[in-house]
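Here's the structure we're looking at; comments come further down.
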Amino acid sequence: MCERICAKPENQNPQSTFIAGIPAGNQSFYGNYTFQVLLLLYPKFCPEHNLPLTKAISTRTYSIRCPHPTCQYQQSRFSHTPLHHFKLPVWTFGWALHESIARYPQVLSATEIERRLGISKNSALLLKRRLQLFASDQMEKIKILMQAELTEK
C-alpha cells in the first residue's frame, strides 16, 4: 500500500505532484470520509424548521442546505469546526484522520504528512494542528463512550 501512495511520478510540475501522491479514487473516498465525519460529529440545523442540514449543493461542495422544499437556508460544512477556513483540499484532512486512526498507538508526524502528500512543511504542520484540534474537541464524547462501555462490561 505504501508503494501506491508514496510513489511520485517523475517530470511533473509541483501542482500535479501534490495530487499524484494519492490515486484519484482514494481522493474522493477521503473527501467523502471527511464530509461524513463532519456530518456525524458536527451536525448543523436549520434555525427555522429545526431540520438537520443534509442536502448538498451540487455547485458548491462545501455548502449544505435545509431539506425543506421551500427553505433556502444554507451553511458551510466547515463553520464552527476545526476545519473553519481550511485552505487545503478536503481529502487531505480525511487522509490524515484515517491514517492517524489506523496507526493509533503511533503518532502521525508532520514530516510524514509532508512527505506522503507532497505538501510544504508549513501546510503539513497546520494540517497536523487541525487534526489535534479535532481530537481535543472529541475527547469528552470519547470519555463518555468509554465509560458506558466499561460499565456495560
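The values are calculated or read from the model by the stated rules, or taken from the named source; none is laboratory data. Keep in mind the model is a prediction, meaning the values are calculated, not measured. Don't worry about glycine lacking a Cβ; one is built from the backbone with ideal geometry, like all the others, and counts go over all protein chains shown. Areas reflect the complete protein model, heavy atoms only, side chains present, ligands, DNA and RNA absent. Shrake-Rupley method; radii C 1.70, N 1.55, O 1.52, S 1.80 Å.
Worth pointing out:
- Residue match in segment 51-61 (condition: in a helix (DSSP H, G or I) and either at pLDDT 90 or above or open to solvent by less than 60 Å² (accessible area, probe 1.4 Å) (or both)): no
- Boolean, Glu48 is open to solvent by 90 Å² or more (accessible area, probe 1.4 Å), farther than 20 Å from Thr34 by Cα and without any contact (Cβ under 8 Å) to a residue 24 or more places away in the chain: no
- Test result for Val37, of a type in the set (Val, Ile, Thr), free of Cβ contacts under 8 Å to residues at least 40 places away in the same chain, on the phi < 0 side of the Ramachandran plot and outside any strand (DSSP E or B): no
- Being polar (S, T, N, Q) and on the phi > 0 side of the Ramachandran plot is a property that does not hold for Asn122.
- Residue in segment 31-44 that is farther than 23 Å from Leu131 by Cα and surrounded by fewer than 17 Cβ atoms within 10 Å (Cβ to Cβ) present: no
- Test for Asn32: is it in a helix (DSSP H, G or I), over 21 Å from Thr81 (Cα atoms) and modelled with pLDDT of 65 or more: no
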